[in-house]
Amino acid sequence: MATKEELLKVLEPNGQEQILTYWDELDENQREQLAQQILEIDWPTVTKWAANALKGESAPIPFDKLTPAPYHALVPETEEEKAFQAKAYQHGVELLKNGKVAAFTVAGGQGTRLGYDGPKGTYEVSPAMHKSLFQIFAEALLRNQAKYGCKFTWYIMTSKINDAATRAFFEKNHYFGLEKEQVKMFKQAMLPAFGLDGKALLAAKDSLALSPNGHGGSFVALRDSGALEDMKKKGVTILSYWQVDNPLIKVMDPLFIGLHDMTKSDMSSRALIKRDYAEKLGHFCILDGKMIIVEYSDMPVELAKQEDKPGRLAYRAGSPAMHVMSVDFIDRITSGTLEFNPHRANKKVPYINDNGELVVPESPNAIKLEFFLFDALPLAKNPLVLEACRDEQFAPVKNKEGEDSPATCRAAYLARGRKWLRAAGVVLPEGMEVELSTKSFVDEDDVKEFVKGGHLPPLKPNCINYVE
Ligand code: UTP
């Protein structure tokens, strides 16, 4: 184990020796834990990030040079585009059938806004059966396996705060019908929180205040965990990426995958047409010929409000964080040092003060540093954007109540079922709801086939029926 002197040699040059304030009071195990945390961090780099973030030294965006990024409309606007999309769909199907695609979910976040005690993926969200987010995804993958006659590997990024609980949840639930070997979990790295004076905070006398390093930490984590090598060994060339909080995600989307591959895109994104200029979605933009996402909070209001036609926002393509990425691209950007700059978030972080007492602050007292996945976009060749169908694909669980909450998510889940059934000729009367299982239904065609085959059971009024 490292001695106090050795640790001081690491910390002092970076002005972080306060971390050892209580070292002399700690027992062997506690010292071991703290030493390990300290040695896992690249202090010169991390301290510099914190100092820059505190000074507000991120490069300003030259907004006068910004233009909206072009995107493929969901409903093709020309015959040519229609034919291209039809071809892309078939190509996507072939890639799926040939085992070229794997699934990747980021699930390492803290889920603080939801305030749920446990990994967010274990949150029970389906309206009738109370299936967890992980179960909904697992069953959707099983359905896609049956559709395309293939077997997916599902990579799941966890973090120190939820890795053990996530693994235990999958074990307990027998991987929801997937084979254990298909589910590959790995942890992302953690970063310390810093006080407003640039000093790393202690969460306890023997522990730094650590938090996961953001979904953008996934690139390095994919490399360092061996997941990237595993993909290459398996001949996987494309990753279908989604966040753990959106049960409506189309986990495997032949059109999106096919378009990505046919246009030789490194990293592709789905876009939602913003409801209004203030909707909290990042904007797809072009700057100096590169695609970037400008966060809603960074976008000047006059630009966000700009119209390219009366009543149509110029910057209407917003990001719901759904992507397809090439394995080659991830390999390329992680082959050396990935020069991402972390984003700063002001947070309330409980900490040990100079008297050795735990302080639970009532207002933000610290900054957390997080990498964002979309910061890879400017590095990507031919980045493609494809419009998504909001009511069929996006209903995240972010907050306890109100917008993007379990209540709005469940309502959207049921509304999608209602829509797909209507398309299959079944109009549900008021009060009759149906939870369509992702085990059997991942798109409208699945429902049409089911209904046409006469498989729809009698449905009860005034309740949520479950159909699988
Ligand atoms: P959010 O940005 O919504 O964060 O993550 P969160 O941690 O889930 O929730 P809050 O902000 O604390 O309330 C979007 C997605 O990115 C993943 C999350 O698990 C979620 O799938 N994520 C986020 C990570 O995997 N690692 C991180 O460090 C942060």
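This table checks each residue for (1) among the hydrophobic types (A, V, I, L, M, F, W, C); (2) more than 23 Å from ASP253 (Cα to Cα); (3) without any contact (Cβ under 8 Å) to a residue 60 or more places away in the chain; (4) open to solvent by 80 Å² or more (accessible area, probe 1.4 Å).
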position	(1), (2), (3), (4)
ASP298	no, yes, no, no
GLU302	no, yes, yes, yes
GLN306	no, yes, yes, yes
PRO310	no, yes, yes, yes
ALA314	yes, yes, no, no
ALA317	yes, no, no, no
ALA321	yes, no, no, no
PHE329	yes, no, no, no
THR334	no, yes, no, no
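Test VAL327 against the stated conditions and say whether it is more than 22 Å from the chain's Cα centre (by Cα) and on the phi < 0 side of the Ramachandran plot. Before the answer, list the steps.
Numbers: more than 22 Å from the chain's Cα centre (by Cα): no; on the phi < 0 side of the Ramachandran plot: yes.
Criteria not met by VAL327.
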Scan of the range 2-39 for residues that are in a loop (DSSP other than H, G, I, E, B), of a type outside the set (Val, Ile, Thr) and more than 17 Å from ASP197 (Cβ to Cβ), ordered by number: ALA2, TYR22, LEU26, ASP27
Residues (of a type in the set (A, V, I, L, M, F, W, C), within 25 Å of THR438 (Cβ to Cβ) and part of a strand (DSSP E or B)) located in the range 204-246: ILE238, LEU239, TRP242
Failed condition for THR166, given (1) out of contact with any Pro (no Cβ under 8 Å at 6 or more places or on another chain); (2) more than 26 Å from GLU28 (Cβ to Cβ): (1)
Which listed residue is crowded, with 19+ Cβ neighbours inside 10 Å, at pLDDT 95 or above and within 16 Å of the ligand (Cβ to nearest atom), from PRO396, PRO383: PRO396
Sole exception among (1) under 30 Å from PRO350 (Cα atoms); (2) open to solvent by less than 10 Å² (accessible area, probe 1.4 Å); (3) more than 9 Å from the ligand (Cβ to nearest atom) for LYS205, by number: (2)
Within the range 237-273, considering residues that are among the aliphatic types (A, V, I, L, M) and closer than 18 Å to ASP404 by Cα, the one most open to solvent (accessible area, probe 1.4 Å): ILE273
Considering residues of the range 247-280 that are of a type outside the set (A, V, I, L, M, F, W, C) and not in a loop (DSSP other than H, G, I, E, B) only, the residue farthest from ASP391 (Cα to Cα): ASP261
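Being on the phi > 0 side of the Ramachandran plot and at pLDDT 95 or above: is that true of ASP391 here?
Details: on the phi > 0 side of the Ramachandran plot: no; at pLDDT 95 or above: yes.
Spelling it out, it is not the case that ASP391 is on the phi > 0 side of the Ramachandran plot and at pLDDT 95 or above.
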Residues satisfying the stated conditions in the range 31-60, i.e. open to solvent by 60 Å² or more (accessible area, probe 1.4 Å) and either touching a residue at least 24 places away in the same chain (Cβ under 8 Å) or not acidic (Asp, Glu) (or both): GLU32, GLN33, GLN36, LEU39, GLU40, PRO44, LYS48, LYS55, SER58, ALA59, PRO60
Members of the range 448-468 that are out of contact with any strand residue (DSSP E or B) (no Cβ under 6 Å at 6 or more places or on another chain) and open to solvent by less than 50 Å² (accessible area, probe 1.4 Å): PHE450, VAL451, GLY453, LEU456, CYS463
Which numbered condition TYR155 misses (of (1) hydroxyl-bearing (Ser, Thr, Tyr); (2) more than 15 Å from the chain's Cα centre (by Cα); (3) over 30 Å from ASP27 (Cβ atoms)): (2)
Cβ pairs under 7 Å, 6+ apart, first in the range 279-293 and closer than 15 Å to LYS381 by Cβ and touching a residue at least 12 places away in the same chain (Cβ under 8 Å), second buried (at least 21 other Cβ atoms within 10 Å of the Cβ) and not hydrophobic (A, V, I, L, M, F, W, C): MET291/PRO383
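What number of residues within the range 141-165 satisfy the criterion of being within 16 Å of the ligand (Cβ to nearest atom) and more than 30 Å from LEU208 (Cα to Cα)? Steps first, answer last, please.
Here is the first cut: in the range 141-165, the residues within 16 Å of the ligand (Cβ to nearest atom) are 154-165.
Filter again for more than 30 Å from LEU208 (Cα to Cα), leaving 154.
So the count comes out to 1.
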Number of the exception - VAL349 against (1) part of a loop (DSSP other than H, G, I, E, B); (2) open to solvent by 20 Å² or more (accessible area, probe 1.4 Å): (2)
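May I ask you to list the residues in the range 412-437 that are touching a residue at least 60 places away in the same chain (Cβ under 8 Å) and in contact with a Pro (Cβ under 8 Å, 6 or more places away or on another chain)? Can you show your working first?
If we filter the range 412-437 for residues that are touching a residue at least 60 places away in the same chain (Cβ under 8 Å), which is where we start, we get 412-414, 416, 433, 435, 437.
The answer is TYR413, LEU414, GLU433, GLU435.
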Residue within the range 359-369 that is open to solvent by less than 20 Å² (accessible area, probe 1.4 Å), outside any helix (DSSP H, G or I) and within 12 Å of the ligand (Cβ to nearest atom) present: yes
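The values are calculated or read from the model by the stated rules, or taken from the named source; none is laboratory data. Since we're looking at a predicted model, the values are computed, not measured. In this analysis, Cβ positions are derived from the backbone assuming ideal geometry, glycine residues included, and neighbour counts consider all displayed protein chains. Calculation scope for accessible area: heavy atoms of the full protein, side chains included, ligands and nucleic acids excluded. Shrake-Rupley method; radii C 1.70, N 1.55, O 1.52, S 1.80 Å.
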